[in-house]
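Taking it in order: structure first as structure tokens, then the write-up.
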């Protein structure tokens, strides 16, 4: 089983939710009742992200995230995900430079919606997520 790297703390509630759901999914599907998946969580300070967003400093934001991904890699993570919508405005740039494979919650949501036959999906997010779509559009389709 691969070791999960999760960038969290960007809304601790979402981080807790991801952790809980990963454990609940893996218990019956991957392990015996006493085992848990190996997971490394890097808890980031969301106020730093909002400073980058407010200042439109995307290069610093991407470097900040890449630093966390590198720390997850040094901790033995095999892949990484970011447990919040707002940072996904930088996801393409982060993924291009990441030393680890990255899982996009946006792409995974689109895949699930496609499997369900859902054609219109709503997004709830911070004003940065909702207002920045003209500068860095989120994907609207999933490549195979």
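The values are calculated or read from the model by the stated rules, or taken from the named source; none is laboratory data. In this text the structure is predicted, and so the values were computed from the model without any measurement. Because the Cβ atoms are built from the backbone with ideal geometry, glycine has one as well, and the counts that use them run over all protein chains shown.
Do you know which of the residues in segment 79-114 that are assigned to a loop (DSSP other than H, G, I, E, B) and exposed (fewer than 15 other Cβ atoms within 10 Å of the Cβ) is farthest from the chain's Cα centre (by Cα)?
Within segment 79-114, the first condition is being assigned to a loop (DSSP other than H, G, I, E, B), and the residues that meet it are 83-85, 98-101, 104.
Then keep just the ones that are exposed (fewer than 15 other Cβ atoms within 10 Å of the Cβ); that gives 99, 101.
Numbers: 99: 15, 101: 12 Å.
Among those that are assigned to a loop (DSSP other than H, G, I, E, B) and exposed (fewer than 15 other Cβ atoms within 10 Å of the Cβ), it is 99.
Could you list, in sequence order, all residues of segment 1-25 that are more than 17 Å from the chain's Cα centre (by Cα) and without any contact (Cβ under 8 Å) to a residue 12 or more places away in the chain?
24, 25
Please determine whether any residue of segment 56-74 is touching a residue at least 60 places away in the same chain (Cβ under 8 Å), farther than 14 Å from residue 46 by Cα and not in a helix (DSSP H, G or I).
Among the residues of segment 56-74, not one is touching a residue at least 60 places away in the same chain (Cβ under 8 Å), farther than 14 Å from residue 46 by Cα and not in a helix (DSSP H, G or I), which makes the answer no.
Can you confirm whether residue 132 is modelled with pLDDT under 85 and either farther than 12 Å from residue 7 by Cα or out of contact with any helix residue (DSSP H, G or I) (no Cβ under 9 Å at 6 or more places or on another chain) (or both)?
yes
In segment 115-126, which residues are in a helix (DSSP H, G or I) and either touching a helix residue (DSSP H, G or I) at 6+ places or on another chain (Cβ under 9 Å) or in contact (Cβ under 8 Å) with a residue 24 or more places away in the chain (or both)?
At the first step, the residues of segment 115-126 found to be in a helix (DSSP H, G or I) are 115-116.
Once the filter is applied, which keeps residues that are in a helix (DSSP H, G or I) and either touching a helix residue (DSSP H, G or I) at 6+ places or on another chain (Cβ under 9 Å) or in contact (Cβ under 8 Å) with a residue 24 or more places away in the chain (or both), segment 115-126 yields nothing.
Going through segment 43-77 one residue at a time, which ones are modelled with pLDDT of 95 or more, touching a helix residue (DSSP H, G or I) at 6+ places or on another chain (Cβ under 9 Å) and under 29 Å from residue 24 (Cα atoms)?
Scanning segment 43-77 gives 65, 66, 69, 77.
Among the residues of segment 12-27, is any assigned to a strand (DSSP E or B) and either touching a helix residue (DSSP H, G or I) at 6+ places or on another chain (Cβ under 8 Å) or surrounded by fewer than 16 Cβ atoms within 10 Å (Cβ to Cβ) (or both)?
Checked against the condition, which is being assigned to a strand (DSSP E or B) and either touching a helix residue (DSSP H, G or I) at 6+ places or on another chain (Cβ under 8 Å) or surrounded by fewer than 16 Cβ atoms within 10 Å (Cβ to Cβ) (or both), segment 12-27 yields no hits at all.
Residues of segment 43-67 being touching a strand residue (DSSP E or B) at 6+ places or on another chain (Cβ under 8 Å) and surrounded by 20 or more Cβ atoms within 10 Å (Cβ to Cβ), which ones?
So in segment 43-67, the residues touching a strand residue (DSSP E or B) at 6+ places or on another chain (Cβ under 8 Å) come out as 43-44, 65.
Once the filter is applied, which keeps residues that are touching a strand residue (DSSP E or B) at 6+ places or on another chain (Cβ under 8 Å) and surrounded by 20 or more Cβ atoms within 10 Å (Cβ to Cβ), segment 43-67 yields 44, 65.
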